Amino acid sequence: MNALSEPIRRVITQNDVNGKSFILEDSLVSNVKVVAERPGYRVSNIWRTTESPASISAPDSVHEHVGVLPPKNGNVIRVIDYPPEPQDADELKRQQDATFRSLYPDAGHDLKSNEHPGMHITETVDYAVVLSGEMTAILENEETILKAGDILIQRGTNHAWANRSGHAARILFVLLDGKY
């Protein structure tokens, strides 16, 4: 299987009434979102918290999650599968616009003509871990290629992601609510 077809397994632990740990859930992630205009792009929201410090016994609320941002004072963990980026600039813009319109209307997606059409900004601290493949992290003044095992800490900066490798890529993101 390649990164774009492999489902994500979520295992959740808990303590029983006697304080002994056990596995509460072991299943495939069911909160998966796709964009029809961007074949192969898949967002799997895995867990979220709604406060900090996080309540250890809080119920699962990830199915209530909408948008890119974590809840105020909370966080969200997700895995995104990225297909290779189209080489046609108009098609790239169409796909990016559809993604932000349908999945991320809360992201600051206000472009200048010379920017990558996926540029956006969020008031968050993000941990991005490349699980497989290769991705280019694009900032306003520079960009860098990240490979499997690399970790980027994104701190409220205007940025975009581009998969220019010709192969599928998968990134795990943890977004923490932040402030400037």
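Go through the stretch 8-48 residue by residue and tally those that are among the β-branched types (V, I, T) and over 24 Å from Y82 (Cβ atoms). I'd like the intermediate steps shown before the answer.
Step one: filter the stretch 8-48 for residues among the β-branched types (V, I, T), giving 8, 11-13, 17, 23, 29, 32, 34-35, 43, 46.
Of the ones still in play, those that are also over 24 Å from Y82 (Cβ atoms) are 11-13, 17, 23.
The qualifying residues number 5.
Looking at the stretch 83-104, which of its residues are outside any helix (DSSP H, G or I) and farther than 16 Å from A36 by Cβ? Please lay out each step first, then the result.
Step one: filter the stretch 83-104 for residues outside any helix (DSSP H, G or I), giving 83-88, 103-104.
Within the stretch 83-104, P84, E85, Q87, D88 qualify.
Take the conditions open to solvent by less than 40 Å² (accessible area, probe 1.4 Å) and touching a residue at least 60 places away in the same chain (Cβ under 8 Å) and apply them to Y82. Does it pass?
Details: open to solvent by less than 40 Å² (accessible area, probe 1.4 Å): yes; touching a residue at least 60 places away in the same chain (Cβ under 8 Å): yes.
So Y82 passes the test.
Just checking, which of S61, S44, S52 is without any contact (Cβ under 8 Å) to a residue 24 or more places away in the chain and either surrounded by fewer than 11 Cβ atoms within 10 Å (Cβ to Cβ) or at negative phi (or both)?
Working: S44 fails: without any contact (Cβ under 8 Å) to a residue 24 or more places away in the chain; S52 fails: without any contact (Cβ under 8 Å) to a residue 24 or more places away in the chain.
None of the other options fit; the residue is S61.
Could you grab me the full set of residues in the stretch 29-59 that are within 17 Å of the chain's Cα centre (by Cα) and among the hydrophobic types (A, V, I, L, M, F, W, C)?
Scanning the stretch 29-59 gives V29, V32, V34, V35, V43, I46, W47.
Matching residues to (1) polar (S, T, N, Q); (2) at pLDDT 95 or above; (3) open to solvent by 20 Å² or more (accessible area, probe 1.4 Å):
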position	(1), (2), (3)
Q14	yes, yes, yes
V17	no, yes, yes
L24	no, yes, yes
L69	no, yes, yes
H116	no, no, yes
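What strands (runs of 3 or more DSSP E), lying completely within the stretch 122-180, carry at least 1 residues that are among the polar types (S, T, N, Q)? Full working, then the answer.
On the way: elements: 124-132, 134-139, 143-147, 151-155, 159-162, 169-177.
Ranges flagged: 124-132, 134-139, 143-147, 151-155.
Which residue, of N73, N45, is of a type in the set (S, T, N, Q), modelled with pLDDT of 95 or more and in a loop (DSSP other than H, G, I, E, B)?
Values: N45 fails: in a loop (DSSP other than H, G, I, E, B).
Being of a type in the set (S, T, N, Q), modelled with pLDDT of 95 or more and in a loop (DSSP other than H, G, I, E, B) holds for just one of N73, N45, which is N73.
Name the single residue, out of those in the stretch 137-180 being without any contact (Cβ under 8 Å) to a residue 24 or more places away in the chain and among the charged types (D, E, K, R), that is surrounded by the fewest Cβ atoms within 10 Å (Cβ to Cβ).
Among residues in the stretch 137-180 that are without any contact (Cβ under 8 Å) to a residue 24 or more places away in the chain and among the charged types (D, E, K, R), the one surrounded by the fewest Cβ atoms within 10 Å (Cβ to Cβ) is E142.
The values are calculated or read from the model by the stated rules, or taken from the named source; none is laboratory data. Values in this document were obtained by computation on a predicted structure and should not be read as measured data. Reconstructed Cβ throughout: ideal geometry from the backbone, glycine too, with neighbour counts over all protein chains shown. We work out accessible area using only protein heavy atoms, side chains counted, and drop any ligands, DNA or RNA first. Shrake-Rupley method; radii C 1.70, N 1.55, O 1.52, S 1.80 Å.
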